């Protein structure tokens, strides 16, 4: 089974701190994603990556950056955490559709981040 | 803009009954996949069912089936014989089969199955 693991289930950080959210997948997937989940807003894409060192902005990239130095790991960075970044963060991965026509995304368990 | 709309924020259903969750989407593309994902309380998001847009036949997975109306851009999920374990947030999503790899999600429907 595909496993997507996020480093923390719960995090509490102070305003202004630099925050790292880590995500690792073990199925050699090319694509990885970071979503933010808020009540009434659904899942909103922050960033995604389709290859090592490649990244593209999603719908709400402001205040975030990402790093993908290895294929299995995709990190989300909050450069200076603010209270409006308190949210649930979900990581996901999927196979490249050019390799096999399987477009399912597999999700991690989520990180609930609270910025105080 | 590509959007997914789930107009029912919350629903409830009695155990063993049938419930339908609605989803509409907007895209100018012709080829895409549609999904329903389930997020149980405090648990991981998992795929429930998927539908290729070029297939006219509605997808079915055990108690879960979809009603896909391409012209109307509608993709509803029917859960038959509802079970307590079906209590979850349900998200509708789609992805195009070319170009961007982005999955577009709706705002979700919180379903509660009542004993």
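Computed extension length for residue B:84-residue B:72: 1.2 nm, one decimal, from 0.36 nm per residue of separation with the Cα-Cα distance subtracted. Eigenvalues of the alpha-carbon gyration tensor of chain B, scaled by 5 and square-rooted, set the equivalent ellipsoid semi-axes at 24, 14, 12 angstrom, largest first. As a rough footprinting exposure proxy, the listed residues A:30, B:15, A:62 were ranked by other beta carbons within 10 Å of their own, and the order from fewest upward is A:62, B:15, A:30. Structure remark: mean-square fluctuation, Gaussian network model of chain B, C-alpha springs under 10 Å; the largest value among B:51, B:14, B:39 belongs to B:14.
Once you reduce the range A:37-95 and the range B:58-95 to the center of their Cα atoms, the two points are 27 Å from each other.
If the Kirkwood radius is taken over C-alpha pairs of the protein assembly as shown, then at 25 °C and 0.890 mPa s the Stokes-Einstein diffusion coefficient equals 135 µm²/s. Highest mobility in the GNM of chain A, judged by mean-square fluctuation with C-alpha springs under 10 Å and restricted to A:86, A:103, A:15, is found for A:103. Mean per-residue shielding of peptide B:89-95 is 2, counting Cβ atoms of other chains within 10 Å of each Cβ. Considering only B:72, B:16, B:59, give the residue with the highest GNM mean-square fluctuation for chain B, with springs between Cα atoms whenever their separation is below 10 Å. Greatest mean-square fluctuation among the candidates belongs to B:72. For the range B:71-115, the spread of Cα positions along the three principal axes, ordered from largest to smallest, is 45, 22, 15 Å. For the peptide A:110-116, the mean number of other protein chain Cβ atoms found within 10 angstrom of a residue's Cβ is 1.
With the simple spin-label model, which puts each label point 7 Å out from Cα in the Cβ direction, the residue A:83 to residue B:64 separation comes to 3.8 nm. Once the Cβ-Cβ distance of residue A:112 and residue B:46 is raised to the sixth power relative to R0 = 22 Å, the FRET efficiency obtained is 0.75. For the pair residue B:110 and residue B:16, a Förster radius of 22 Å applied to the C-beta separation gives a FRET efficiency near 0.65, rounded to the nearest 0.05. Segment residue A:7..residue A:20, full-extension length gain: 3.7 nm, with 0.36 nm per residue of separation and the alpha-carbon distance subtracted. Eigen-decomposition of the gyration tensor built on the alpha-carbon atoms of the range A:1-94 gives equivalent ellipsoid semi-axes of 21, 14, 13 angstrom, largest listed first.
In the range A:50-116, the alpha-carbon atoms span a convex hull of 103 Å³ per residue.
Read-outs throughout are calculated quantities, based only on the coordinates presented, and are distinct from any laboratory measurement. Quick caveat, the model's predicted, so the values are computed rather than measured. Don't worry about glycine lacking a Cβ; one is built from the backbone with ideal geometry, like all the others, and counts go over all protein chains shown.
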